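> Structure below; questions to follow.
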Amino acid sequence: MKIIQDSQRDISIEIEKISNRPFYSMNYYGDDCFDEYLLRGARSLDDYCAFIDTALIRNRENPIGHNNFGCGAFVAQSANSDILFARNMDCECAIPMLLRLNDNSSYRFLSLVNMAFLDWDESTYDSLEIDKKLTLATAYSPSDGINEYGFAVAILTDADATYPKQNDKITLFDMTLPRLLLSKARSVEEAIHYTEKYNFFYDVAPLHYMVADASGHSAVIEFVDGKMVVTKAENKYQVVTNFTLFDNPTKTGFGKDRYENILNALEKQRGIISEEDALELLKSNVIPGDEQWSAVYNLTQKTLSVTFSGDYENVYRFKL
């Protein structure tokens, strides 16, 4: 285990290597200045990096990587009515980190972060004593996760999205919205409320977001013509991939095949599926060569089952 401490910020981070694939686990304690970020915001990647550098890293040039990715996600129920939230993270490169955040200003949450976005590579863990890179900023950009109230969120690319630009709203880096929602939202409705308070900017490609809660509600939050739009589930299940769902009756766009495959499978089961079968459904609908992790969050039990790098024989299980 490696321990990173910042006495000035009263931050302590415990990092453990779980697998040689590689896959890591992190316990994060202390204030990472995220509430300060929400008050200030950032209008560009340079602005965001400047805030991270000043608030956490201090006097170091840090590239923030962000490659394009195509993913799929769905919400369904188990036979005993547990709410399941499943997602594939498909992208060119990933260093997965299981993050547990312990901060008095935030709801507790369990999430997965791609550390490749934070300048990590496969040798970073062994050299943390001499180069922390952007590790202190890990909690800013979960790709998916669940909080203590059974609320969950996942990011997915939507190349056609157009973010709002309203002068009276603070602007955030779109990758940081999941952290905001995991920290503050207990339900889908609260997530919608928090999202509509902000403008967003993106680096490579814009995003849309799937959100769900322990009551069984789910929605996809998107941005069309500079306005936030919401597509709520009409059934006990919902699917999203990488095209805009809103006002798209033919479901045309990148990921249409994956969307239809998942939807058809859920329709046959009337939205009832086991966690094991949910992982199998994810497995059969990855982008070949880009599969990084497949995760099934049980929003009722507040657990996570996840596989990494296409290794579906080894399922890691965690509980919040």
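> Per the 1.4 Å probe, what fraction of the accessible area of the chain, in percent, lies on carbon and sulfur atoms?
Numbers: 5800 of 13210 Å².
Using a 1.4 Å probe with all protein chains present, the chain comes out at 44 percent carbon and sulfur.
> Here's something else I'd like to know. According to the Kirkwood expression over distinct Cα-Cα pairs, how big is the hydrodynamic radius of the range 121-203, in Å? Let's see the in-between values first.
On the way: mean 1/r = 0.0684 Å⁻¹.
One over the average 1/r among Cα pairs gives 14.6 Å for the range 121-203.
> Extent of the range 169-320 along each principal axis, from alpha carbon coordinates, in Å, largest to smallest?
On the principal axes, the range 169-320 reaches 46, 37, 31 Å in Cα extent.
> List, in order, the whole-Hz ³J(HN,Hα) value for each residue of the range 101-117 obtained from phi through the Karplus relation with A = 6.51, B = -1.76, C = 1.60 and θ = phi - 60°; use x for Gly and Pro.
Values, residue by residue: 9, 10, 9, 4, 8, 9, 4, 5, 8, 10, 8, 10, 10, 8, 6, 5, 5 Hz.
> Leaving out same-chain residues fewer than 8 places away, which aspartates and glutamates sit with a Cα under 13 Å from that of K132?
Partners within reach: D6, E14, D53, E61, D119, D121.
> Now a separate question. Give the Cα extents of the range 7-128 along the principal axes, in whole Å, largest first.
Ordered largest first, the range 7-128 gives principal extents of 52, 32, 31 Å.
> Can I ask one more? Kindly provide the helix-only [θ] at 222 nm of the chain, computed as the sum of -39,500 (n - 2.57) over DSSP H runs of four or more divided by all residues, to the nearest 500 deg cm²/dmol? Walk me through the numbers on the way to the answer.
Numbers: 6 runs with 53 residues, N = 320.
Taking each H run of at least 4 residues, the total per residue is -4500 deg cm²/dmol.
> Which lysines have a Cα less than 23 Å from the Cα of K236, not counting those fewer than 8 places away in the same chain?
K251, K256, K268, K283, K302
> How much area per residue is accessible in the chain when the probe is 1.4 Å and only protein heavy atoms are counted (Å²)? Let's see the in-between values first.
On the way: 13210 Å² over 320 residues.
That works out to 41 Å² per residue.
> If you take the Cα Rg of the range 256-320 and divide it by 2.2 N^0.38 Å, with N the number of residues, what do you get?
Relative to the rule-of-thumb radius for its length, the range 256-320 sits at 1.14.
> Also, quick follow-up: Given the convex hull over the Cα atoms of the range 175-224, what projected area results after averaging over all orientations, in nm²?
Reported value for the Cα convex hull: 3.5 nm².
> Let me ask another. Set the bar at 19 Å for Cα to Cα. Now go through K165/K232; K165/K197; K17/K133 and name every pair that lies beyond it.
K165/K232
> How large is the Kirkwood hydrodynamic radius of the range 129-173, counting all unique pairs of alpha carbons, in Å? Each step should come with its number before you reach the end.
Values: mean 1/r = 0.0702 Å⁻¹.
Evaluated over the range 129-173, this radius sits at 14.2 Å.
> Report for the range 52-203 the percent antiparallel among DSSP-assigned beta bridges with both residues inside it, nearest 5.
85 percent
> When you have a sec, figure out the Kirkwood radius of the range 65-180 from all distinct Cα pair distances and drop it here in Å to one decimal?
By the Kirkwood definition, the hydrodynamic radius is 16.0 Å.
> Let me check I've understood the local charge: for Y125, count other residues with C-beta under 14 angstrom from its C-beta, Lys and Arg +1, Asp and Glu -1. What total comes out?
-3
The values are calculated or read from the model by the stated rules, or taken from the named source; none is laboratory data. Everything quoted here is computed from the prediction, not taken from an experiment. Cβ sites come from the backbone with ideal geometry, for glycine too, and all protein chains shown count toward neighbours. Heavy atoms of the whole protein, side chains included, go into the accessibility calculation; ligands, DNA and RNA do not. Shrake-Rupley method; radii C 1.70, N 1.55, O 1.52, S 1.80 Å.
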